[in-house]
Amino acid sequence: MTYYPRLQLYIGGHWRDTASCEPVINPADETTIGDVPLADDVDLADALEAAAIGFATWSRTAPAARAQIMLRAASLMRQRIEEIALAITLEHGKPLEQARLEVIRGCEFIEWDAAEGQRTYGRVIPSGPGIRYIVLHQPIGTVAAFSPWNFPMSQPCRKIAGALGAGCSIIIKASEETPAGALHIARAFHDAGLPPGVLNLVFGVPARVSEFLIPREQVRLVAFTGSTAVGKRLTELAARHMKPVLMELGGHAPVIVCDDFDPAAAAEMSAVRKMRNAGQVCTSPTRFFVHQDVFNAFSKAFVERTRAMKVGNGLHADTNVGPLANQRRVGALEGLVADASAKGGRLLTGGDRLGNRGYFFAPTVFAELPDDARAMREEPFGPLAIINPVASLEEAVEKANALPFGLAAYGFTHSARNVDYLADCIEAGNLSINTLEASVAETPFGGVKESGYGREGGAEGILNYTIVKTVSHRMA
C-alpha cells in the first residue's frame, strides 16, 4: 500500500531521466517518497520539436479517430484508479476516497472533450450569388500548459483534454510537488496509442520553463491554472510575443445564506465542501454571509459538523481531512489565524497546527471577522472558514463583490426573487445556488476580474484551443 511510481519526463513518445532532480515529500509524515526530474533547456527544446511533429500528425487526424484514442486513455485510467489514487494521496495528502473521485473527474474531462472535439462546427454565412463565406474552427497549434499542485490529476487532465480534443499538441508542465497524477495521464495516453509528440510532460523550475517555452514560435497558446500573481506574470510574458492565454486564477468564494433556507442543511453542505481537499481549492466556499435571523443556527451547525471531522493520514479510511500539501500552507494559515485573532474575530473552532510531524492543520472557523482582516481579503487556500452576519441580501452581495476576485460564488435560497437578484448582481464566472458544485465537465468554467479569463470545459472551453478562419470563395 505504499507504492509510488518512478518519475520521468515524457517527450516525443519516450520516457527520459534528467541529471537534476528534487525530492517529492509525503505531507502526512514529511518523508521523501520519490525524486522528480527537472527539465533543462535541451529537454525543453526537444519537447518543442516533438510537439511540432505531433501537431502535424494530430491536427490532420479525423476527430472521430482522435476521440477513440482519448476514450481509450480515459478507460485505462479508470481501470488503474486504485494505483493512481494511492499515488495522489501519498504526494498530496488528500483522503483516498477524494483522490479516487479526482481520477474519475479527470476521466470525465477527457471523455467530454473527446466527444466535443467532434462538434467544433463552423458555419456558412448567407451571401450573394457566386460567393460563399465559410467560418472554420481549426486547432490553434502547440499549447504550453501549466497545472497546479492542489489537483494532481484533474487539473492536467482538463488542459490535456481541451487541447487534444481540439486537435492541438501540448507540452504540460505539471507540479513538481505533486507530479504522479500527470505521469499516470501520460502513461495512459502512451498505452492508448497516442502519436509521439502530441502530449509531452515536463517538470522543472517554473520560471525557467515558462520563460523558455512561452516566447518560442512553436507555442501558440498559454494555458495556466494557479495564483493571480503568477498568472499576471505569464500573461505579460505571453503578451510580449502576441500569444493568447487561458487563465484560471485564484478566487475567494463567497456564500450567501438567505433567511428562507434551512440553516442547518446549508451548514451541513457548506462545512463538508469547505474542508474538501483541506480547503485547498480555488472554488472553496470561504466567506459566508449569513442573514442575521439564521446566523446563530447556521454557525452552530457549521461548527458542530466541522468538529466532527477526522483529521489524519489520507490513507486511513476514517480520515475526512488530510494534511496541507506543503509546509508553506502551514505558515500561511498560521499567519491568517494570528491576524484574524488580532483583528477581533471570534475563533469558533480550530486555529492550530496539529502535531509536529506532517502538515496537519485543524479545520478552523471564525465569526464576525472585520473586513480589513487578511483572511477576508486573501484567499486562505486551506481549512479556514469565515461566518459573518448580514442584514439583507443586498448587503451580502455588496460584500461578496467587494474583492477583486470573481471565480465562484454560492447562494442558498428558495426565493425566485433572490435567485434572480443573485444571477444578475454577483460578479463571478460561476454561480451555484443550493449546491456547492462549481464546475462539471459539460459546463464552462472560469473567472472574471482578477480571477482570470477564458473558459475551460463545456462547448465554450474547447473553442479556446482553436482559431477562427474565414474562407471567402468566389465561384468563377
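Among the residues of the range 164-207, write down those that are assigned to a helix (DSSP H, G or I) and either outside the structural domain of GLU111 (by TED's automatic domain parsing) or among the aliphatic types (A, V, I, L, M) (or both).
In the first step, residues of the range 164-207 are kept if they are assigned to a helix (DSSP H, G or I); the result is 164-166, 180-192, 206-207.
Within the range 164-207, LEU164, ALA166, ALA180, ALA182, LEU183, ILE185, ALA186, ALA188, ALA192, ALA207 qualify.
Being touching a residue at least 60 places away in the same chain (Cβ under 8 Å) and over 22 Å from the mean Cα position of the chain (by Cα) is the filter here, so list the residues in the range 362-391 that pass it.
If the condition is that a residue be touching a residue at least 60 places away in the same chain (Cβ under 8 Å) and over 22 Å from the mean Cα position of the chain (by Cα), then VAL365, ALA367, ILE386, ILE387, ASN388, PRO389, VAL390, ALA391 are the ones that fit.
Working only within the range 430-466, note down all residues that are in a strand (DSSP E or B) and surrounded by 24 or more Cβ atoms within 10 Å (Cβ to Cβ).
To start, the set of residues in the range 430-466 that are in a strand (DSSP E or B) comprises 430-433, 445, 448-449, 452-453, 456, 466.
Correct list: ASN430, GLY452, GLU456.
For the subset of the range 115-161 comprising residues that are assigned to a strand (DSSP E or B), under 25 Å from PRO196 (Cβ atoms) and among the β-branched types (Val, Ile, Thr), which member is nearest to the chain's Cα centre (by Cα)? Step through it out loud before you land on a result.
We begin by selecting, within the range 115-161, every residue assigned to a strand (DSSP E or B); these are 123-125, 131-139, 142-146.
Then drop every residue that is not under 25 Å from PRO196 (Cβ atoms), which leaves 138-139, 142-146.
With among the β-branched types (Val, Ile, Thr) added as a condition, the list becomes 142-143.
On the way: THR142: 21, VAL143: 17 Å.
So the residue we want is VAL143.
Under 15 Å from the mean Cα position of the chain (by Cα) and at pLDDT 95 or above, is that true of ARG105?
Working: under 15 Å from the mean Cα position of the chain (by Cα): yes; at pLDDT 95 or above: yes.
So ARG105 passes the test.
If we scan the range 418-428, do we find a residue that is without any contact (Cβ under 8 Å) to a residue 60 or more places away in the chain and either touching a His at 6+ places or on another chain (Cβ under 6 Å) or of a type in the set (Lys, Arg) (or both)?
So far as the range 418-428 goes, no, none of its residues is without any contact (Cβ under 8 Å) to a residue 60 or more places away in the chain and either touching a His at 6+ places or on another chain (Cβ under 6 Å) or of a type in the set (Lys, Arg) (or both).
Confirm whether ALA47 is assigned to a helix (DSSP H, G or I), assigned by TED's automatic domain parsing to the domain that holds TYR465 and touching a Cys at 6+ places or on another chain (Cβ under 6 Å). Outline the logic, then answer.
Working: assigned to a helix (DSSP H, G or I): yes; assigned by TED's automatic domain parsing to the domain that holds TYR465: yes; touching a Cys at 6+ places or on another chain (Cβ under 6 Å): no.
So ALA47 fails the test.
Of the conditions (1) free of Cβ contacts under 8 Å to residues at least 40 places away in the same chain; (2) surrounded by fewer than 24 Cβ atoms within 10 Å (Cβ to Cβ), ARG105 fails just one. Which one is it?
Of (1) free of Cβ contacts under 8 Å to residues at least 40 places away in the same chain; (2) surrounded by fewer than 24 Cβ atoms within 10 Å (Cβ to Cβ), only one is false for ARG105: (1).
Exactly one of (1) in contact (Cβ under 8 Å) with a residue 24 or more places away in the chain; (2) over 22 Å from ASP259 (Cα atoms) is unmet by GLN292. Its number?
(2)
Quick check on the range 111-128. Is at least one of its residues closer than 30 Å to VAL321 by Cβ and either assigned by TED's automatic domain parsing to the domain that holds LYS159 or of a type in the set (A, V, I, L, M, F, W, C) (or both)? Break it down stepwise before answering.
First, the residues of the range 111-128 that are closer than 30 Å to VAL321 by Cβ: 111-112.
Remaining after also requiring either assigned by TED's automatic domain parsing to the domain that holds LYS159 or of a type in the set (A, V, I, L, M, F, W, C) (or both): 111-112.
Yes, there is a match, as at least one residue in the range 111-128 is closer than 30 Å to VAL321 by Cβ and either assigned by TED's automatic domain parsing to the domain that holds LYS159 or of a type in the set (A, V, I, L, M, F, W, C) (or both).
Looking only at residues that are polar (S, T, N, Q) and in a loop (DSSP other than H, G, I, E, B) in the range 208-260, which one is surrounded by the most Cβ atoms within 10 Å (Cβ to Cβ)? Let's see the steps before the verdict.
Kept after step one, since they are polar (S, T, N, Q), are these residues of the range 208-260: 210, 218, 225, 227-228, 235.
Narrowing further to those that are in a loop (DSSP other than H, G, I, E, B): 218, 227.
Values: GLN218: 18, SER227: 15.
In this case the residue turns out to be GLN218.
Condition check ((1) under 30 Å from ARG208 (Cβ atoms); (2) over 26 Å from the mean Cα position of the chain (by Cα); (3) without any contact (Cβ under 8 Å) to a residue 24 or more places away in the chain) across all residues:
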| site | (1), (2), (3) |
| --- | --- |
| LEU38 | yes, no, no |
| LEU44 | yes, no, no |
| GLU49 | yes, yes, no |
| ILE53 | yes, yes, no |
| THR61 | no, yes, no |
| ILE69 | no, no, no |
| ARG72 | no, no, no |
| LEU76 | no, no, no |
| ARG80 | no, no, no |
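When you scan the range 264-382 for helices (runs of 4 or more DSSP H) that lie fully inside it, which ones turn up with 1 or more residues that are farther than 19 Å from GLY251 by Cα and of a type outside the set (D, E, K, R)? Give the derivation first.
Values: elements: 295-307, 327-342, 374-377.
In the range 264-382, the matching helices (runs of 4 or more DSSP H) lie at 295-307, 327-342.
Mind listing whichever residues of the range 323-335 are buried (at least 22 other Cβ atoms within 10 Å of the Cβ) and more than 12 Å from GLY93 (Cβ to Cβ)?
LEU333
Which of the residues that make up the range 139-177 are farther than 18 Å from SER210 by Cα and not aliphatic (A, V, I, L, M)?
Listed by number, the residues that qualify are PRO139, ASN150, PHE151, PRO152, SER154, CYS157, ARG158, GLY162, GLY165, GLY167, CYS168.
Residue check, ALA362 against (1) in contact with a helix residue (DSSP H, G or I) (Cβ under 6 Å, 6 or more places away or on another chain); (2) within 26 Å of ALA301 (Cβ to Cβ), all met but one. Which one?
That leaves (1) as the condition not met.
The values are calculated or read from the model by the stated rules, or taken from the named source; none is laboratory data. In this text the structure is predicted, and so the values were computed from the model without any measurement. Methodologically, a virtual Cβ is constructed for each residue, glycine included, from the backbone with ideal geometry; neighbour enumeration extends over all protein chains shown.
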